[in-house]
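Okay, structure first, notes after.
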Amino acid sequence: GSPPPQSLAEEAAEVAVNEGIIQTHTESAGSLDPIYEWVPWERALPMRGPWVALLIYVLGTGLLAMLAALVTWCRPAAKGSGIPEVKATVAGLSLPSSFRAQTLLAKVVALSLCVGAGLAVGKEGPMIHIGACWGAILSVPITRFGKRYSDALVEETELICVGAAAGIAAAFGAPLAGVLFALEELGTVLPTGLRYSTMLCAFGAAVTAALTLKSLDLPRTQRLTLFEVDYSQAWAPWEALPFCFLGACGGVLGGLFVLANEAVARRRLRAENEGRAFWYLPSGLFGGRAMPSIATAIDGRIWEVVLLAVLTGVSNYPHMLTRMLQNDAIEALFSQCPAAASGHQTFRDPLGLCGAKDDRASMIRLLQLLLGATLLRFMQTVVTVGAMTPAGLFVPSLFIGGCFGRALGGFLEHLGFSSAQGGIEPGIYAMVGAGAMLAGVSRLTLCLVVVLFELTGGLTYVVPFMLAVLIAKWTGDAVTDGRSVYDVHMELKGFTKVEEPENVRLLNATVNDLCGVVGGAAAVTADSEQAIALPPVLWTSGGLISTDSLAEHAARVSPGFAVVSVEANGDCRVIGWADSERILAAPPLDAIAVCAAKAKPWQHLQQQLLRAGESHRPPLLDKRAVIQVRGDCPLQTAYCIFENCPHVRALVSVEPASHQCHTVTREVFFARLRSGCLCPCPAVADDDASVPGQQPAAGVCCGK
């Protein structure tokens with residue numbers, strides 16, 4: 001028969017035992033007994049005291065963070081979210097080290113460690129990079145198979161887009177959002193957009209990723225999405241006003257986040273260029289270098305991650321909302337409060353998010369908790385993103401916006417406002433606020449709305465999501481002059497934002513076509529009067545070149561040339577742009593006798609990149625003045641680079657197999673565009689552009 005009902009004392013004792021235990025979304029969906037995963041250390045070690053529990057928590061956080069930083073230090077390409085690298089590669093830049101198998105392995109291991117350490121980062125952005133790495137790796141055997149059995153070749157950039165779509169689907173359990181991300185974020189940097197076949201491949205990859213997640217069912221929820229909710233009540237028309245307010249606040253917070261994170265990143269770069277180990281210390285302290293003793297044996301960027309982990313652990317520990325994993329905390333913010341208790345029935349609320357509807361003191365405590373968590377996670381994420389670890393922004397942004405939105409919803413509920421079918425539900429405002437904050441940081445629109453309703457299952461609230469996301473994007477663009485956090489990091493890494501110019505239309509040609517490379521689909525040939533010679537590059541071995549060869553090359557090539565280094569693993573890497581006059585005028589800085597018999601002086605050009613901070617003389621190489629691109633880089637990307645980056649002198653493409661190198665300087669690019677085209681380019685046309693007999697710009701069609 002059925003078990004006898006529990007007595008009041010037994011039920012009260014059970015509630016007391018489970019009061020401090022957090023029941024997360026990883027519990028069973030009802031077929032098994034609940035699994036309580038979050039047990040506070042002070043309850044696990046009741047006889048040791050709270051300080052021992054805090055010490056265990058902080059030491060564990062610091063150890064995992066140090067391991068993550070060490071793995072990332074071994075493969076620096078695994079640092080960050082990877083989204084700027086994915087967008088730059090799809091646009092036509094050459095970043096082979098960012099998509100190798102070693103980078104993939106380092107990204108997976110370091111990401112697992114830093115998320116497990118509780119740092120203020122997410123895994124969703126790096127999952128896009130991981131999927132793109134799989135696409136780049138699989139492109140090699142797929143291309144070989146296509147050449148052997150089919151005439152239809154699959155380009156590497158297309159497979160990178162397919163892998164990114166699968167990464168989004170695997171990270172969020174949102175396959176439709178993965179396809180839309182490939183279309184909205186990656187397809188827009190291509191002059192012709194994503195091909196229909198590529199979109200179908202992305203659709204298939206996203207569905208496969210979703211089916212794999214469903215079959216594995218790692219969290220044992222029998223659900224695909226992370227934060228599925230069961231809201232069914234409709235929203236009232238007047239609630240559009242607070243939803244708009246959340247959108248504006250999300251845009252402001254997102255814009256401030258972008259500006260603050262940019263300031264921290266620029267300070268990091270400045271300290272690195274000056275040779276200082278710790279950017280957060282005054283430049284005069286310890287001479288601006290690493291502290292004595294053991295600190296000199298470890299890179300300062302690793303110590304920074306450990307310090308961030310310790311500070312994050314100490315600041316998160318006081319309350320369970322900030323201490324628990326962010327995914328579980330976001331689900332709690334999105335969840336619906338149970339009905340009011342009646343009689344002896346009670347409900348568990350260890351996070352303190354419910355029960356403040358009619359109690360003013362409880363409401364004040366709730367607002368302090370949520371707004372404090374918003375500010376705390378905001379500051380943590382600002383300084384953590386950009387450190388020597390993989391770091392995603394999706395989950396921290398959802399947490400920040402969810403806390404702020406739930407605070408607004410709880411306040412409106414306390415004031416007695418009601419929706420279309422009853423009282424205000426704070427969880428709905430948490431979902432809208434989360435979307436607004438993420439839109440303010442990333443400036444995603446269509447993809448983000450689909451992510452939100454796929455994550456939450458709240459199809460009823462698509463219009464509030466759209467309203468808040470749109471207003472957040474407009475507000476954020478006004479704060480940061482149209483730059484998202486990914487645009488800022490692309491700029492800091494030497495990339496540029498690629499988008500179709502409003503008054504210029506470029507033909508679907510590539511850099512190889514512009515150089516007249518044999519085999520180009522639309523090779524451009526210039527008249528002898530207008531042809532400008534392409535400056536030959538200077539080849540080095542690991543950045544090492546003899547002084548005589550350097551001077552001889554500088555004397556033959558004017559005004560400058562690109563320097564390419566052949567690394568030990570056979571990769572070709574562009575290390576900078578050399579100014580011929582500066583090299584001929586400057587005395588040698590690093591003369592090394594490599595052989596006692598010959599005593600031949602050599603220059604290590606890679607070391608000269610760091611000499612600007614140690615000497616009043618300028619460095620021999622300017623690493624920001626040249627960008628390495630692929631041979632199939634579209635003219636649209638080249639135009640955006642030269643238009644948006646005035647410091648860039650040339651683009652260099654290197655064929656991996658034959659090591660054939662082509663240099664396109666700024667002057668050559670615009671001169672070749674003018675030679676035999678439809679009409680002159682407005683950005684470079686001068687007063688003599690309409691002289692009779694002058695040929696219009698090559699490959700360019702101007703808008704009216």
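Mind ordering 305-311, 248-254 by average Cβ neighbours within 10 Å, highest first?
248-254, 305-311
Percent of Cα-Cα pairs per 10 Å bin, from 0 to the last occupied bin, for segment 195-271, please list those.
14, 17, 19, 40, 11, 0
Could you rank 280, 57, 639 by how accessible they are, 1.4 Å probe, largest area first?
280, 57, 639
Can you give the net charge of the other residues whose Cβ lies under 11 Å from the Cβ of residue 79, counting K and R as +1 and D and E as -1?
+3
Amide H of residue 538: which non-local residues (sequence gap of 5 or more, or other chain) have their own amide H closer than 5 Å, using H built in the peptide plane?
Here 562, 563, 564 satisfy the definition.
Give the accessible surface of segment 68-218 per residue, rounded to a whole number of Å², with probe radius 1.4 Å and ligands, DNA and RNA excluded.
In whole numbers, segment 68-218 has 40 Å² accessible per residue.
Collect residues whose amide H, placed 1.01 Å from N in the peptide plane, falls under 5 Å from the amide H of residue 123; neighbours closer than 5 in sequence don't count.
Under 5 Å from the amide H of residue 123: 395.
If you place +1 on the Cβ of every Lys and Arg, -1 on the Cβ of every Asp and Glu, and leave all else neutral, what size is the dipole of segment 76-234 about its Cα centre, to the nearest 20 Debye?
That gives a dipole near 440 debye.
When you count, for each residue, the other Cβ atoms within 10 Å and take the mean per peptide, how do 178-190, 318-330 rank with the highest first?
Listed from highest to lowest mean packing, they are 178-190, 318-330.
Excluding residue 194 itself, calculate the net charge of residues whose Cβ lies under 12 Å from the Cβ of residue 194, where each Lys or Arg counts +1 and each Asp or Glu counts -1.
Net local charge, residue 194 excluded: -3.
Quick one: what are the phi-derived ³J(HN,Hα) couplings along segment 246-254, Karplus 6.51/-1.76/1.60 with θ = phi - 60°, whole Hz, x for glycine and proline?
Computed from phi, the couplings for segment 246-254 are 4, x, 5, 5, x, x, 5, 4, x Hz.
Which entries in 357/473; 79/623; 123/357; 214/497 show an alpha-carbon gap greater than 29 Å? Walk me through the intermediate numbers first.
Details: 357/473 32 Å; 79/623 20 Å; 123/357 35 Å; 214/497 36 Å.
Pairs exceeding 29 Å: 357/473; 123/357; 214/497.
Need the full-extension length gain, residue 143 to residue 481, defined as separation in residues times 0.36 nm minus the C-alpha distance. One decimal, nm.
117.6 nm
At a 1.4 Å probe radius, carbon and sulfur cover how many percent of the accessible area of segment 417-482? Don't jump to the answer; show the numbers that get you there.
Numbers: 1360 of 2020 Å².
The computed percentage sits at 67.
For 515, 201, give me the order by solvent-accessible area with a 1.4 Å probe, most accessible first, ignoring ligands, DNA and RNA.
201, 515
What whole-number value in Å² describes the accessible area per residue of segment 352-448 for a 1.4 Å probe?
29
Please express the Cα-Cα pair-distance distribution P(r) of segment 407-478 as a list of whole percents, one per 5 Å bin, running from 0 to the bin with the greatest distance.
3, 18, 26, 21, 17, 10, 4, 0
Using heavy-atom solvent-accessible surface (probe 1.4 Å) with all chains present, what is the largest-first order of 199, 431? It would help to have the intermediate numbers written out before the result.
Values: 199 55, 431 0 Å².
The residues order as 199, 431, largest area first.
Through the Karplus equation 6.51 cos²θ - 1.76 cosθ + 1.60, θ set to phi - 60°, convert the phi angles of segment 307-312 into ³J(HN,Hα) values in whole Hz; use x for Gly and Pro.
Result, ordered by residue: 5, 4, 5, 5, 5, 5 Hz.
The values are calculated or read from the model by the stated rules, or taken from the named source; none is laboratory data. Note that this is a predicted model, so its numbers are computed, not measured. Methodologically, a virtual Cβ is constructed for each residue, glycine included, from the backbone with ideal geometry; neighbour enumeration extends over all protein chains shown. Side chains included, ligands, DNA and RNA excluded: accessible areas come from the protein's heavy atoms. Shrake-Rupley method; radii C 1.70, N 1.55, O 1.52, S 1.80 Å.
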